[in-house]
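Chemist: The structure under discussion is supplied below as structure tokens; questions concerning it will follow.
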Amino acid sequence: MGEQIHKRLSDEQAKMIMEKYLARELSAADAMELLSLKRRQFFEWAQKYRNDPDGFTIAYERKGTGRKLGDVVHAHILQELAREKALIDDPSMPIRFYNYSYIQDQLRERYLEKVSLPAIIDRAKKTAITSRDRIKLSTTGR
């Protein structure tokens, strides 16, 4: 596999190849070779070109934002981490560490948001909510 097609060819070049294929100046095999496409994808593109020649493009557009969590979800994670921090800082409570699984469950129940544990832990570390000195104090060494 080489470079992606939208990086190798311009829209005009792809349109020219499709035009020649539809005018029967190029065979399907030759057009597939020029575009470096497999049979299935080539005929999908040929159908798209037939339906809308002026709007046909090979430019790649991302459908979503990817794996990024939204600002609202981030705020909810911080709220739950703050609640957990209050429990950790309370000397009358025997809790010394964050329960990230509990935070994940609370996000799912309260806000109907599905968030992975690594995402919660990452947010806790990035926002400096975790108390590193408290962990150091609680461990005993020889």
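We did not get these values from a lab; they are worked out from the coordinates using the rules stated. What you are looking at is a predicted structure, and each value in this text was computed from that prediction instead of being measured. Glycine also receives a Cβ, built like all others from the backbone with ideal geometry; neighbour counts cover every protein chain displayed.
Chemist: What is the gain in length, in nm to one decimal, between ARG40 and ARG108 on full extension, counting 0.36 nm per residue of separation less the C-alpha to C-alpha distance?
Modeler: 20.4 nm
Chemist: Which of the lysines could a cross-linker span from LYS20 if the Cα-Cα distance has to be under 16 Å and same-chain partners fewer than 8 positions apart are dropped?
Modeler: LYS48
Chemist: I need the trypsin sites (Lys or Arg not before Pro) found in region 55-116, filtered to DSSP loop residues with at most 14 other beta carbons within 10 Å of theirs.
Modeler: Details: sites: ARG62, LYS63, ARG67, LYS68, ARG83, LYS85, ARG96, ARG108, ARG110, LYS114; in loops: ARG62, LYS63, ARG67, LYS68, ARG96, LYS114.
Sites meeting the loop and neighbour criteria: ARG62, LYS63, ARG67, LYS68, ARG96, LYS114.
Chemist: Which of the residue pairs LYS15/LYS63; LYS7/LYS125; LYS85/LYS114; LYS63/LYS114; LYS7/LYS63; LYS7/LYS114 have a Cα-Cα distance greater than 30 Å in the structure shown? Intermediate values should be presented prior to the final figure.
Modeler: Details: LYS15/LYS63 23 Å; LYS7/LYS125 38 Å; LYS85/LYS114 21 Å; LYS63/LYS114 20 Å; LYS7/LYS63 18 Å; LYS7/LYS114 35 Å.
Where the Cα-Cα span goes over 30 Å, the pairs concerned are LYS7/LYS125; LYS7/LYS114.
Chemist: Right, another one. Please return the longest stretch of the chain lacking exposed loop sites, where GluC sites (Glu not before Pro) count only if DSSP places them in a loop and at most 15 other Cβ atoms lie within 10 Å. Don't skip to the end; give the middle numbers.
Modeler: Values: sites that count: GLU3, GLU25, GLU61.
Of all site-free stretches, the longest is 62-142.
Chemist: Let me ask something additional. Does anyone have the angle between helix 100-111 and the longest principal axis of the chain? Alpha-carbon axes, 0 to 90°, nearest 10?
Modeler: 70
Chemist: Another question, then. With the radius of gyration and the Kirkwood radius both derived from the Cα set of the chain, what is their ratio Rg to Rh?
Modeler: That ratio is 1.36, to two decimals.
Chemist: Moving on to the next point. Say each of LYS48 and GLU25 gets a label point 7 Å from the Cα, pointing the same way as Cα to Cβ; how far apart are those two points in nm?
Modeler: With each label placed 7 Å out from Cα toward Cβ, I get 2.3 nm.
Chemist: Now, a different point. From the helices alone, meaning DSSP H stretches of at least four residues, give me the mean residue ellipticity at 222 nm for the chain, per-run term -39500 (n - 2.57), in deg cm²/dmol to the nearest 500.
Modeler: Numbers: 8 runs with 85 residues, N = 142.
Result for the chain: -18000 deg cm²/dmol, rounded to the nearest 500.
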